[in-house]
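I have placed the structure first, in the form of structure tokens, so that the comments after it can refer back to it.
The values are calculated or read from the model by the stated rules, or taken from the named source; none is laboratory data. Source: prediction; values computed, not measured. Methodologically, a virtual Cβ is constructed for each residue, glycine included, from the backbone with ideal geometry; neighbour enumeration extends over all protein chains shown.
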Amino acid sequence: MRDDFHVDTDISALPACEHEAYLEEGFCGMCTGGTAVIKVFSVSRTITENDLVTVLPLQLVSIHDVSADFSMTFFKVDRGVFLDVMSGLGKITPDFFFYMRKNFRVRLNGQEAARFLGFCRVLDFRCKNDDSGFRRETVLHLLRIYFWDFYVHFRKISCDRKTLRILNSNKESIAFRFAMLVFEHHREHREIAFYADKLCISPLYLTKVIQEVNGQSAREFIADYVVVAIKSLLLDANLDIKDVVRQTGFSNHSSLSRFFRQHTGMSPSEYRRTVHITW
């Protein structure tokens, strides 16, 4: 986690602008005044006072029609931090991420708005005052609470599994089915051809669709799920590295370490040290 993680009120620091772009950083915040229109993929929402906005990393986002008095209290979450947050939340299914594309705005009442601002104060205080050796994991735990509340709410309203109805194009449907397949098979299959065969399309077309819909390549998408799975297992102090290797489908310790370092910049043992777990 970057040392400059903090809660912000400077609108110019929002990672979105009037031009649509896939964001490396998502953001979570509440409007405290004025209005703006935020668009995530094909969905536009007018944001007004006490609206809570949660935009995940790698979403196609723009913001426009910003009033002169528009203000927000927010924090940014980059892709690496978001994957670390997800690694501690268990098996969150891909339909949650598609749901969040359509439901990135939540209207809060006065009590809920005050509670969010209180959460921001706690987050900001811990960022500024915790010992540097513990700050990262403290912030991750707080962010896990934030995103977990969204997931619990999502599960309550989607138990009938009708998520596909919110998809408005054939490409979105392909991306959704690909995501569900990756969720199910990523520990045994990391090759694009396997998923293309399951979807009865060519690997080239699958790669094109995932890049267009998700803002990242199919290979990166698969790798993200594998990284989250590895990190989730590394959090368990009772698991030896050979157990992590076995449960993630790698042939040996070296191949797992090589993959993990390639996608995170650190070895599994280095990652475990960052969360205060030793071998």
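Restricting region 194-221 to residues that are surrounded by fewer than 15 Cβ atoms within 10 Å (Cβ to Cβ) and charged (D, E, K, R) leaves a set whose member that is modelled with the lowest pLDDT is Glu212.
Considering Lys76, Lys102, Lys39, the condition of being assigned by TED's automatic domain parsing to the domain that holds Ser12, of a type outside the set (Val, Ile, Thr) and free of Cβ contacts under 8 Å to residues at least 40 places away in the same chain is satisfied by Lys39 alone. Determine whether region 241-263 contains at least one residue that is closer than 18 Å to Val85 by Cβ and among the hydroxyl-bearing types (Ser, Thr, Tyr). Taking every residue of region 241-263 in turn, none turns out to be closer than 18 Å to Val85 by Cβ and among the hydroxyl-bearing types (Ser, Thr, Tyr). Just one of the listed residues (Asp84, Asp130, Asp69) is within 30 Å of Val213 (Cβ to Cβ), acidic (Asp, Glu) and in the same structural domain as Ala13 (by TED's automatic domain parsing), and it is Asp84. In summary, Phe98 fulfils each of the numbered conditions (1) outside any helix (DSSP H, G or I); (2) under 19 Å from Glu24 (Cα atoms) with the single exception of condition (1). Within region 231-253, the set of residues being assigned to a helix (DSSP H, G or I) and either under 22 Å from Glu137 (Cα atoms) or at pLDDT 95 or above (or both) comprises Lys231, Ser232, Leu233, Leu234, Ile241, Val244. No other residue among Arg135, Arg144, Arg126 is under 13 Å from the mean Cα position of the chain (by Cα) and more than 26 Å from Ile174 (Cβ to Cβ) apart from Arg144. Scanning region 10-19 turns up no residue that is surrounded by fewer than 17 Cβ atoms within 10 Å (Cβ to Cβ) and within 20 Å of Arg115 (Cα to Cα).
Would you say Arg261 is at pLDDT 90 or above and assigned to a helix (DSSP H, G or I)? When the stated conditions are applied, Arg261 passes them. Of the residues that make up region 222-237, is at least one among the small types (Gly, Ala, Ser), loosely packed, with under 15 Cβ neighbours inside 10 Å and either at positive phi or in contact (Cβ under 8 Å) with a residue 12 or more places away in the chain (or both)? Scanning region 222-237 turns up at least one residue that is among the small types (Gly, Ala, Ser), loosely packed, with under 15 Cβ neighbours inside 10 Å and either at positive phi or in contact (Cβ under 8 Å) with a residue 12 or more places away in the chain (or both).
Could you tell me which residue of region 194-216 is farthest from the chain's Cα centre (by Cα), considering only residues that are more than 12 Å from Leu181 (Cβ to Cβ) and among the charged types (D, E, K, R)? The qualifying residue farthest from the chain's Cα centre (by Cα) is Lys208.
Which strands (runs of 3 or more DSSP E) sit wholly inside region 1-68 and have at least 2 residues that are under 19 Å from the mean Cα position of the chain (by Cα) and either at negative phi or among the aliphatic types (A, V, I, L, M) (or both)? Result: 25-33, 36-40, 51-55, 60-64.
Of the residues Gly110, Gly33, the single one that is out of contact with any strand residue (DSSP E or B) (no Cβ under 8 Å at 6 or more places or on another chain) and not assigned by TED's automatic domain parsing to the domain that holds Arg177 is Gly110.
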